[in-house]
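Reviewing the structure listed below.
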Amino acid sequence: MHSIERVVAELEYIAAHQRRTGKHYLVTIHDDTFTLLPTRAKALCELIAGRNLGLTLTCITRADAIDEELLRLMRGAGFINLSFGLESAVPSVLRAAGKVRPPDWPNPDLEPERRFVEQVRTGVIAAKKHGFSVGVSIILGLPSETVEDGAATLRFVKELPVDYYMHNFLWVFPGTPLWETRDRYGIRCEVNPLGLPATTEHAYDLTRLRPWPKCSLKEEAQFIRLLTTDSLYACEAGSTREKGIGVVVVNAPELSAQMAGWLSVILKIGGVVIQTYPSLNRSEQDLKVDSDRRVFTEYLVPARYYVQVLRKPDIAVEERWLATFRGVDLYRRHKPKVLSILSSKGPSPLLYWVNGVTTPYALCEVSEYLEQPDELTHFLGRMRECDIEVRLQRMPVPPGVKYPGRWQKGRAPCLQLRRMEVDAQGKVRSCRHGEPIGTVGDTRKDLMQRLAGFVHDAEKRRGCAECPNTHCPRCPFPGINEQTYCGIMTKQYRALRFLDFIGLYSRLPIILESQSERVGSG
Ligand code: SF4
C-alpha cells in the first residue's frame, strides 16, 4: 500500500486543481478494494477529513471489509458513492470462483459464502443509512454457474435497496487460475493475433438474462443512442474542436481489413466509428457484427466507441436504426427501444414539436421543406405563434436536423474534416450526398485539399464572392439544387435562425454528456 500521507498529498493536488480550474468532479479511488485493511482505511479517512479538501469521492470495496464506524468516517472524508463487489448471490458459485474461500478449500460447508452474501445485504442497507449512493457489481458466467444461478443472483440484486448495479459478463485473463481450468466449466477463450484474450463462450448464453431497471448498462446504452444520433447525419465531429478525424461513418455491410487498417491510421485516438449495415435478418446481423468486431480489434483501431448500426426495413418516410455496441448488446436483445433511432425523411417531427406535440423521431430532414415557399410560409407562421422558450421548458429537446451545417451560420463545419463518411466501395465523402473526395488509403491532408477544391468550385459557380450574405456556410454539397440553396440562404433568415436554434438545442443531451468524462478528449 502507498502510505496514507502520500495518498492525501495526491488528493491535495487534485483539490488544488479543482480550485484552480473551478471544475468540481467526482474523484474515483481505483483500488479493487478500498477498505481491504479497514484500520488503514479509517486512518486515511480521518486524515482526509482533517485536511478539509472538499473533494467528493467514490470507490469500490467488499461488504465483508466495512463496518458502521468506517462508513461514518468515509462520509466524513467526502465519499458519496460506494460499490460492493457481489459477483454472485449463489454460495456454490462464489466458492467455485474463489471469492470468499478458494475452490479447493478443505471444508465443503458453504457457510462463509452464505455469510458473505448476507454481509452484502447488510452492507448495502448500512451504507444507504449513511447517505451513500450505493451500487453492487455482479459477474454472470462464473465457473459452475447455471442460468438458474444467474437468475437467482439478479433476483437477489433486485431485492437490495441499491441505486444501481453493474451487470458484467465474465472475461477470463491468461495467468489467472480460471484460465487453466476454464474448459472444465464450459468456458471457451482465445487469444487473438495481437495476444489479446477474448472469452468467446460461457457455460450458457448470458444474454438470456434480462437486465433489471437499475442496471448501469442502461445509461451506457442511452449514451450510445445519443452518440449515434449525433454522429449519423452530422457535418462535424460532436463537440470536439481538436485536430484530427474524430468521427468516421462507415456505410458498408462489412468492415474489410483494408478499411480497418486505414482507420487505425487516420482516426484520432479516442475517436468514434459508426458502421451502418443494410437491412439484414437476425442471424446475418449477429454474424456480421461479430466478425467485424474481430477485424476492428485485430487492427487496433484507436476508437473509444465502435458502434454498429443495423438498419431496419424503412416504413414510408421513416428510417429505423438499431445501434449496438460491445457491452450493451444486452439491450439490443431485451430492450431494443433504448437503442432504437427513428429518423424521418421529412420535416414533420419538427412541425409537431413546434405545435407542442412530441414524436419518437430523433432526426428529420428539412431540405425539401425549405424548397417549398408556401409550406415554408405556413411553417414560419406557426413558428411566430409558438413560444419557443415555453416549448423548451415543457417539452423534450427538439428532433435534430440532418446535416445541419448546410443551414448554419459561419463556414461549412466539414471543412476541417473532423468527421467523414466511407461507403462500401471505399469512397470517402464529407456527407452522404456529397461528391467523393477520395478513397480509403488517402491521407487527411489529401482529402481536405480535394474538399477545399470542391468548395472553391462551388463558390465560383455560385458567385459567392459578390454575394452580400456573410452568414452562408457556402456548403459545397447542400443536397438540393444550388440555385434553390442560394435562394434559401439569402431570403429565409427567420427559418435559418430557427434551424440554428434547433441545431443547438437538439444536441443539448450530447453536449451535456460530452462534459462528462464519458466522451473525454481521448
Ligand atoms: S458539405 Fe454541407 S451538408 Fe455536407 S457535411 Fe459539409 S456542410 Fe454539411
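The values are calculated or read from the model by the stated rules, or taken from the named source; none is laboratory data. None of these values were measured; they are calculated from a predicted model. With ideal geometry, Cβ positions are generated from the backbone for all residues, glycine too; neighbour counts draw on all protein chains shown. Accessible surface is based on the protein model in full, side chains and every heavy atom, while ligands, DNA and RNA are left aside. Shrake-Rupley method; radii C 1.70, N 1.55, O 1.52, S 1.80 Å.
Structural remarks
- Scanning segment 307-321 for residues that are part of a strand (DSSP E or B) and surrounded by fewer than 21 Cβ atoms within 10 Å (Cβ to Cβ) returns Arg311, Lys312, Pro313, Asp314, Ile315, Glu318, Glu319, Arg320.
- You will find that of Leu217, Leu170, the residue that is within 18 Å of Glu87 (Cα to Cα) and out of contact with any helix residue (DSSP H, G or I) (no Cβ under 7 Å at 6 or more places or on another chain) is Leu170 and no other.
- Residues located in segment 226-281, provided they are assigned to a helix (DSSP H, G or I) and of a type in the set (Asp, Glu): Asp230
- Residues (assigned to a helix (DSSP H, G or I) and within 11 Å of the ligand (Cβ to nearest atom)) located in segment 443-496: Leu451, Phe454, Val455, Ala458, Tyr485
- Just one residue in the set Val366, Val354 is at pLDDT 80 or above and farther than 18 Å from Gly479 by Cβ; that residue is Val354.
- Segment 132-153, residues that are in a helix (DSSP H, G or I) and of a type in the set (Val, Ile, Thr): Val147, Thr153
- The selection criterion, being open to solvent by 30 Å² or more (accessible area, probe 1.4 Å), closer than 27 Å to Ile66 by Cα and β-branched (Val, Ile, Thr), holds for Thr122.
- Residues that are near the ligand (Cβ under 8 Å from one of its atoms), aliphatic (A, V, I, L, M) and in a loop (DSSP other than H, G, I, E, B), drawn from segment 399-436: Ala412
- Condition check for Leu267: open to solvent by less than 20 Å² (accessible area, probe 1.4 Å) and in contact (Cβ under 8 Å) with a residue 40 or more places away in the chain: no
- For segment 225-281, a tally of residues being of a type in the set (A, V, I, L, M, F, W, C) and more than 20 Å from Val295 (Cβ to Cβ) returns 6.
- All positions within segment 497-522 that are part of a loop (DSSP other than H, G, I, E, B), hydroxyl-bearing (Ser, Thr, Tyr) and at pLDDT 85 or above: Ser506
- Unmet requirement for Leu300, which otherwise passes all of (1) assigned to a loop (DSSP other than H, G, I, E, B); (2) at pLDDT below 90: (2)
Per-residue answers, yes or no, for (1) open to solvent by 10 Å² or more (accessible area, probe 1.4 Å); (2) more than 17 Å from Glu236 (Cα to Cα); (3) in contact (Cβ under 8 Å) with a residue 12 or more places away in the chain; (4) not acidic (Asp, Glu):
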| residue | (1), (2), (3), (4) |
| --- | --- |
| Gln393 | yes, yes, no, yes |
| Pro396 | yes, yes, yes, yes |
| Lys409 | yes, no, yes, yes |
| Gln416 | yes, no, yes, yes |
| Gly434 | no, no, yes, yes |
| Thr439 | yes, yes, yes, yes |
| Leu447 | no, no, yes, yes |
| Ala458 | no, yes, yes, yes |
| Glu466 | yes, yes, no, no |
